[in-house]
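In what follows, a single structure is set out as structure tokens and then discussed.
The values are calculated or read from the model by the stated rules, or taken from the named source; none is laboratory data. Given the structure is predicted, the values throughout are model-derived calculations rather than measurements. Positions of Cβ are generated from backbone atoms using ideal geometry, with glycine treated the same way; all protein chains shown enter the neighbour counts. These accessible areas exclude ligands, DNA and RNA; they are computed on the full protein's heavy atoms, side chains included. Shrake-Rupley method; radii C 1.70, N 1.55, O 1.52, S 1.80 Å.
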Amino acid sequence: MFTTLLLAALTLVSPNGQHQVKFYQQRQADGTFETRYSVQYRGKDVVLDSRCGLNLDNRTWEMALGFRELHQYADWMAPMELDSVRTFPVVDSEYRNLYGERSTVHERYTSATLYLSHKPERPVDALTAPLSPAGYETRARRAADATVSSNYRLNIEVRAYDEGIAFRYFFPEHPAAIFHKVVADETEYTLPEGTRAWSEQWAQAFFEHKRIDQLSQPVEMALTLDYASGIWAALLTADTDDWCLTRLQAKPGADNVLESLMYSPVDIVTYYATPWKVILAADSPGQLLERNELVNMLNPPCQIDDAEEWVVPGTIMRETTLTMEGARATIDFCARHNIRYMLFDWKWYEPCTSHDGDATKVIPQLDMPEVCRYAKSKGVGVWLYVNQHALMKQARELFPLLRQWGVTGVKSGFVQYASHRWATWLHDLVRLAAENHLLMNIHDEYRPAGFSRTFPNLMTQEGICGNEEFPDATHNVTLPFTRMLNGAADYTICYYDRRLRTTHAHQLAASLVFYSPLLTIFWYDRPQMAHDEPELEWFDSLRTTWDETRVLSGMPGQHIVMARRNGTTWYVAAMAGNEARTLDIELRTILQPGKRYMLYAYEDDPAVATQTHVRCTKRPIRVTAKTRPLRLQLQPSGGAAFRIEEIKGIR
């Protein structure tokens, strides 16, 4: 179809000048419009000329409210014409995270809004414009209906951050209160030739590195992209608590085009904002991870006034015997090793995977209030797993009871989350937990989109093929550049399990790399499996939230070196894939010149006579301009971890 390109309606550039987005419209031969956009990073194409918008089916509500003469377009966006564009002053501010990978966030962006509206048919168009198969039957009918107006409006809110581009659709309040039913997300991503994607077909799947046209099945976000031009990008969403799951798939019949697929329709009452579309772009995959705070920035600030008083990050260990003896032993182990929480997973109530289950009734082997009392006396909090069946049936009754028992948090299991109905139910469950001062951990397929900034009692979630599945090391070193862009993940370290396919130093490193304010360690383990291995001091001292995070090097499927700072102490982790790797760590990039530090090292060594074969050493270091890199010889599926503490009072 012949189109005429209208003037570029908007060009927006990030404050640092690296990210650029353009929005514009094309008039079609039948007089309708197509809204389009493109994105560049440092002058290189990230998203080529692509379609955007939403499709709606409001016919039922139009009929019910007396708007029976409105024409039913096959594409709701077709008559949506750009009226105006407004730009806003640059935002340059900081805010403090209650917890996160960075304690202070510097937020800088430019922004603009495009204002579009459905226009009544113009008589001149009815008489002169070619008829469209999807349009009116006759020009006379077109002219007769020319004065009928739907009063539909749509805004596109656009931001260019120093980390990437974000935009969303906003429906102003409809004057006649017509309900809106969104049936399709028409946002597409046309990518340059040669772009490849690191994709998963479900949230707990393994990765496939494919060309765009090979993504014939829907894939999850974050979707990490590597370009022939050498840049990297990732496609994500943010602020999704009142929407459905959206995935991506190669568009049939188009080259290098991804289309958006909504899991279900979304019924809305205007005014209403959709989730943000997020396009991170960077020079390296590690830089993508350093920029993932953008997802949180796009969510509302914390809405729990007293969160600092009871939302406390920390490590957690599972109790596997479901007995009072086992509970006391696990609590004692947690207390000795600075593990803040203990979890009873499924089967502490029965039947836990049926609507007939009752989570207010504990199995006779456990006295839950007594367990909570004993745990509190040791400085340990108790978490309980609750399946969706019980949460659906009795959450409002159950949550106050759990708080009465002394329970700290709820791990929700096998929950629906993908449709609009279940997405709103699940996020409302987090709000209900907050009302009862309960922390939450969502399993299984759910992935974060920044909701924990608003309700930080949601401390973590799964949505990852984690250690309980015993993935190989190559999978593990792909996760940081893909799934971890979304946010926190409950990877469930299984430190002593014989089924591990990596070394134990690799596991130590993983506990730092896979960010989670609630960090599960010893998932399948029991206290008696530990034999005071010296490296347990790594877990004893490990923090789960950070003041600063840097990716020192890495490549999906190959390796990662990450450094995180808490106060003046740095924690550094290196992980190899399935192949051995030699890595150099430039400590000068994180440590202050002239200061003295104590470096504690935890490295693989088959000669060490423990069941884990981890060599633990320490030595003082001082960083100068001549300091050589720390060289690591990582064995296949291996790793290393380091804690670097400043020696106070010595220069």
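In the range 462-521, which trypsin sites (Lys or Arg not before Pro) are in a loop and have at most 12 other Cβ atoms within 10 Å, using DSSP for the loop call?
Sparse-neighbourhood loop trypsin sites (Lys or Arg not before Pro): Arg498, Arg499.
Give me the distance in nm between label points sitting 7 Å out from Cα along the Cα-to-Cβ direction at Arg596 and Ala329, one decimal.
Simple spin-label model gives 4.5 nm for this pair.
How much accessible area does Glu309 have with a 1.4 Å probe, in Å² rounded to the nearest 10?
Accessible surface of Glu309 is approximately 150 Å².
Sort the range 579-651 into rounded, prolate or oblate with this rule: let a ≥ b ≥ c be the square roots of the eigenvalues of the Cα gyration tensor; rounded if a/c is under 1.5, and if a/c is not under 1.5, prolate when a/b is larger than b/c, oblate otherwise.
oblate
In debye, nearest 20, what is the charge dipole magnitude of the range 224-266 about its Cα centre with +1 on Lys and Arg Cβ and -1 on Asp and Glu Cβ, if you could check?
That gives a dipole near 160 debye.
Residue farthest toward the positive end of the dipole of the chain, with Cβ of Lys/Arg at +1 and Asp/Glu at -1: which of Leu223, Ala473, Asn486?
It is Ala473.
Using the beta-carbon distance between Lys361 and Ala176 and R0 = 56 Å, what value does 1/(1 + (r/R0)^6) give for FRET efficiency, to the nearest 0.05?
It comes to 0.65.
Please give the charge dipole size of the chain, origin at the Cα centre, charges +1 on K and R Cβ atoms and -1 on D and E Cβ atoms. Round to the nearest 20 debye.
I would put it at about 1560 debye.
Treat each spin label as a single point 7 Å out from the Cα along the C-beta direction, and report the Thr589 to Glu208 distance in nm.
Computed distance between label sites Thr589 and Glu208 equals 3.3 nm.
Can you tell me, using C-alpha contacts under 8 Å and at least 6 residues apart, the relative contact order of the range 518-598 as a whole percent?
It comes to 18 percent, rounded to a whole number.
Distance between Cα centroids, the range 12-80 to the range 493-558: provide it in whole Å.
Here the answer is 46 Å between Cα centres.
More than 32 angstrom separation, counting every C-alpha pair in the chain; what % is that?
Of all Cα-Cα pairs in the chain, 53 percent lie more than 32 Å apart.
Determine the share of the chain's accessible area contributed by carbon and sulfur atoms, expressed in whole percent, with a 1.4 angstrom probe.
Carbon and sulfur: 48 percent of the exposed surface of the chain.
May I ask you to list the aspartates and glutamates whose Cα is less than 15 Å away from that of Lys393, ignoring any residue fewer than eight positions away on the same chain?
Glu350, Asp356, Asp358, Asp428
Over 27 Å between Cα atoms, which of Lys181/Lys251; Lys378/Lys595; Lys181/Lys210; Lys44/Lys210 qualify? Before the final figure, lay out each step's value.
On the way: Lys181/Lys251 23 Å; Lys378/Lys595 37 Å; Lys181/Lys210 34 Å; Lys44/Lys210 21 Å.
Beyond 27 Å: Lys378/Lys595; Lys181/Lys210.
Below 8 Å between Cα atoms, with a sequence gap of 6+, how large is the relative contact order for the chain in percent?
10
Does the range 368-495 classify as rounded, prolate or oblate by the C-alpha gyration tensor (a ≥ b ≥ c root eigenvalues; a/c under 1.5 gives rounded; else a/b over b/c gives prolate, otherwise oblate)?
It comes out oblate by the Cα gyration axes.
What full-extension length gain, to one decimal in nm, is calculated for Gln611 and Lys378 as 0.36 nm per residue of separation minus the Cα-Cα distance?
Here the segment from Gln611 to Lys378 would lengthen by 81.0 nm.
What are the residues whose amide H is under 5 Å from the amide H of Thr520, where those residues sit 5 or more places off or on another chain and H is modelled from the backbone?
Amide H neighbours of Thr520, under 5 Å, 5+ apart: Ile316, Tyr491, Thr492, Ile493.
How many Å² of accessible area per residue for the chain, probe 1.4 Å?
On the way: 25840 Å² over 651 residues.
In whole numbers, the chain has 40 Å² accessible per residue.
Starting from the 7 Å offset along Cα-to-Cβ, what nm value, one decimal, do you get for the label separation of Ala228 and Arg396?
5.9
Accessible area of Lys378, 1.4 Å probe, to the nearest 10 Å²?
Here the residue's solvent-accessible area equals roughly 90 Å².
Where Lys and Arg each count +1 and Asp and Glu each count -1, what net charge lies around Glu34 among other residues with Cβ under 12 Å from its Cβ? Mind showing how you got there, number by number?
Details: positive: Arg27, Arg36, Arg51; negative: Asp30, Asp49, Asp75, Glu81, Glu186, Glu188.
Residues near Glu34 contribute -3 overall.
Excluding Arg565 itself, what net charge comes from residues whose Cβ is under 14 Å from its Cβ, given Lys and Arg +1 and Asp and Glu -1?
The answer is 0.
Chymotrypsin sites (Phe, Trp or Tyr not before Pro) within the range 323-423: which are DSSP loop residues with at most 15 other Cβ atoms inside 10 Å?
Details: sites: Phe333, Tyr341, Phe344, Trp346, Trp348, Tyr349, Tyr374, Trp383, Tyr385, Trp405, Phe414, Tyr417, Trp422; in loops: Trp346, Trp348, Tyr349, Phe414, Tyr417.
Within the range 323-423, the qualifying chymotrypsin sites (Phe, Trp or Tyr not before Pro) (loop, at most 15 other Cβ atoms within 10 Å) are Phe414.
Would you work out which of Pro275, Gln611, Trp76 lies farthest towards the positive end of the dipole of the chain, given +1 charges on the beta-carbon of Lys and Arg and -1 on that of Asp and Glu, about the Cα centre?
Comparing the listed Cα positions along the dipole, Gln611 ranks first.
Might you report the magnitude of the Cβ-based charge dipole of the range 346-472 about its Cα centre, with Lys and Arg at +1 and Asp and Glu at -1, to the nearest 20 debye?
Magnitude of the dipole: close to 520 debye.
Which of rounded, prolate, oblate describes the range 549-623, given a ≥ b ≥ c as roots of the alpha-carbon gyration tensor eigenvalues and a/c under 1.5 marking rounded, otherwise prolate only if a/b is larger than b/c?
Oblate, since a/c reaches 1.5 and b/c is not below a/b.
Name the residue from Phe67, Gln633, Thr320 whose Cα lies farthest towards the positive end of the charge dipole of the chain, charges +1 on Cβ of Lys and Arg and -1 on Cβ of Asp and Glu.
Final value for the positive-end residue is Gln633.
Give, as a single signed number, the net charge of other residues whose beta carbon lies under 15 Å from the beta carbon of Thr110, with Lys and Arg counted +1 and Asp and Glu -1.
Result for the neighbourhood of Thr110: -1.
Tilt of helix 420-435 relative to the longest C-alpha principal axis of the chain, in degrees (0 to 90, nearest 10)?
So the helix axis and the longest Cα principal axis differ by about 50 degrees.
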